[in-house]
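In what follows, a single structure is set out as structure tokens and then discussed.
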Amino acid sequence: MKVFAVQTQAGTQMINITDQLREAVAETGLADGVVTAFTPHTSCGLTITEGNDPDVADDLLRHLDRLVPKAQPHYRHAGGNADAHIKTSLVGSSLQFIVKGGVLQLGPWQGVFLCEFDGPRIRHVWIR
Amino acid sequence: MKVFAVQTQAGTQMINITDQLREAVAETGLADGVVTAFTPHTSCGLTITEGNDPDVADDLLRHLDRLVPKAQPHYRHAGGNADAHIKTSLVGSSLQFIVKGGVLQLGPWQGVFLCEFDGPRIRHVWIR
Amino acid sequence: MKVFAVQTQAGTQMINITDQLREAVAETGLADGVVTAFTPHTSCGLTITEGNDPDVADDLLRHLDRLVPKAQPHYRHAGGNADAHIKTSLVGSSLQFIVKGGVLQLGPWQGVFLCEFDGPRIRHVWIR
């Protein structure tokens, strides 16, 4: 298992972790197989989206703010971050990738993102 | 493959299955690797969210009811549970976990939940 | 790694790929284990839903159109397909399946679908 840390800088933020993920996969020495990336938090998630235009990832963030607004009367969790937990379940906590010839296989437009929903914090990503 | 059953008790309900999952993983005898949990249904899902305060999981349930209301004019499926199927696709039918030293690796706040969207029923979780 | 192609025919469309997936898994020769299906695109996803009544998959499509409408003032991505990218992150880009005795294990109602959100296009699914 490899671990890397991500320092987020805002309450909600999309962070492109493709390069860190590629490095972590290279360090595992895996030639061919499947890699799981897992984040051990409940208020940030992992997703794949277009990585070339940062507006795409930010559109996801802005739209999730509309789908799951902060501070709704039906939220009962006292922490004030019910929205962050709900968003995390919608995008998910883990991703799977195919590795071939030691290289993480992604489509030409795909980038891998950590989705911060309750930052800023130090987040971790586990690779196996 | 290990299988365990979950008896749900309401139309929609979040059931913390972390302990059952830990036991099933221990029974597999796997020391280090990745475990897949998969539910073979189309109106219940699996998700990871905060497991210490049950309000967090219930907030997800209540918010999904708002995002995907029952009985909408644009639903054409005759079963009356179109909402349950849509919610299942949003949270997903499977999860992946890293196992290290025979122990399922979760963050300190993470709990694993079966999301019942069309109960009460007996549901199954497959582990591999 | 096996690859198969899917020609979609509409802007948004749910395509049942269960048979193609079963064939691809059979071709891998895997007897027991876990298979990952991954789509290398950022405007189409993969999901599991009820496969017997096509209305169920179409209900998901129609409801996603309501949750993530086309052309919103808060979308900044210039490509005009911000909605397709957001929907893809909500349903996800990969799925995992358990294989037993060489056979892909699904529940009796489950079908596997490619969700086209910005078609028509030729899409690919990677299997490992």
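Where is the GNM fluctuation largest for chain B (alpha-carbon springs, 10 angstrom cutoff): B:Gly33, B:Gly45, B:Gly92?
Fluctuation is largest for B:Gly33.
Ordered shortest first, which distances in nm separate the 7 Å Cα→C-beta label point of A:Asp19 from those of the other copies?
Nearest first, the other copies' label points are 4.7, 4.7 nm away.
Given A:Val3, A:Ala26, A:His74, which one lies farthest toward the positive end of the charge dipole of chain A, if we put +1 on the Cβ of every Lys and Arg and -1 on the Cβ of every Asp and Glu?
It is A:His74.
Taking the label point 7 Å from Cα in the Cβ direction, how far apart in nm is A:Pro73 from each other copy of itself, listed shortest first?
Nearest to farthest, the other copies are at 2.5, 2.5 nm.
Sorted from shortest, what are the nm distances separating the label point of C:Gln105 from equivalent points in the other copies, each placed 7 Å from Cα along Cα to C-beta?
2.4, 2.4
Percent of accessible area on the protein assembly as shown owned by carbon and sulfur, 1.4 Å probe?
49
Springs between alpha-carbon pairs under 10 angstrom, Gaussian network model over chain A: which of A:Ala31, A:Ala57, A:Ala78 fluctuates most?
Per the Cα network of chain A with a 10 Å cutoff, A:Ala78 tops the list.
222 nm [θ] for the protein assembly as shown, helices only, -39500 (n - 2.57) per DSSP H run of 4+, per residue, to 500?
-8500 deg cm²/dmol
Just to check I understand the Karplus step: with θ = phi - 60° and J = 6.51 cos²θ - 1.76 cosθ + 1.60, what whole-Hz values come out for the range C:53-69, glycine and proline as x?
9, x, 4, 5, 5, 5, 4, 4, 4, 5, 6, 4, 4, 7, 6, 10, x
Average projected area of the Cα convex hull of the range C:48-109, in nm²?
In nm², the orientation-averaged hull projection of the range C:48-109 is 5.6.
Spelling out what I want: for every residue of the range C:106-118, take phi, set θ = phi - 60°, compute 6.51 cos²θ - 1.76 cosθ + 1.60 (Karplus), and round to whole Hz; glycine and proline get x.
10, x, x, 9, 7, x, 9, 10, 8, 9, 7, 10, 8
Which value in nm describes the separation of the simple spin-label points at B:Asp65 and C:Arg76, placed 7 Å from the Cα toward the beta carbon?
It is 3.6 nm.
Over 29 Å between Cα atoms: which of A:Lys87/C:Lys2; B:Lys87/C:Lys70; A:Lys87/B:Lys70; A:Lys100/B:Lys87; A:Lys2/A:Lys70; C:Lys2/C:Lys100 fall into that group?
Flagged as over cut-off: A:Lys87/C:Lys2; A:Lys100/B:Lys87; A:Lys2/A:Lys70.
Among C:Leu90, C:Leu64, C:Leu114, determine the one that fluctuates most according to a GNM of chain C built with springs between C-alpha atoms less than 10 Å apart.
C:Leu90
Put simply, what bits of the range B:98-128 lose 50 Å² or more of accessible area when the other protein chains are there, versus the chain on its own (1.4 Å probe)?
Listed by number, the residues meeting the 50 Å² cut-off are B:Ile98, B:Gln110, B:Trp126, B:Arg128.
With a 1.4 Å probe and all protein chains left in place, how much accessible area per residue does the protein assembly as shown have, in Å²?
Per-residue accessible area for the protein assembly as shown comes out at 37 Å².
Quick one: Debye curve from the C-alpha atoms of the protein assembly as shown, no solvent, what's log10 I(q)/I(0) at q = 0.09, 0.11, 0.13 Å⁻¹?
After summing over all Cα pairs, the log10 values are -0.46, -0.71, -1.06.
In units of 2.2 N^0.38 Å, what is the alpha-carbon radius of gyration of chain B?
1.09
Karplus couplings for the range A:10-25 from phi (6.51 cos²θ - 1.76 cosθ + 1.60, θ = phi - 60°), rounded to Hz, Gly and Pro as x?
So the J values, rounded to whole Hz, are 8, x, 10, 6, 9, 10, 6, 10, 4, 5, 4, 5, 4, 5, 4, 5.
The values are calculated or read from the model by the stated rules, or taken from the named source; none is laboratory data. Keep in mind that what you see is a predicted model, and the values were worked out from it rather than measured. So basically every Cβ, Gly included, is an ideal-geometry build from the backbone, and we count neighbours across all protein chains shown. For the accessible areas, the whole protein counts, side chains as well, though only heavy atoms, and no ligand, DNA or RNA atoms are used. Shrake-Rupley method; radii C 1.70, N 1.55, O 1.52, S 1.80 Å.
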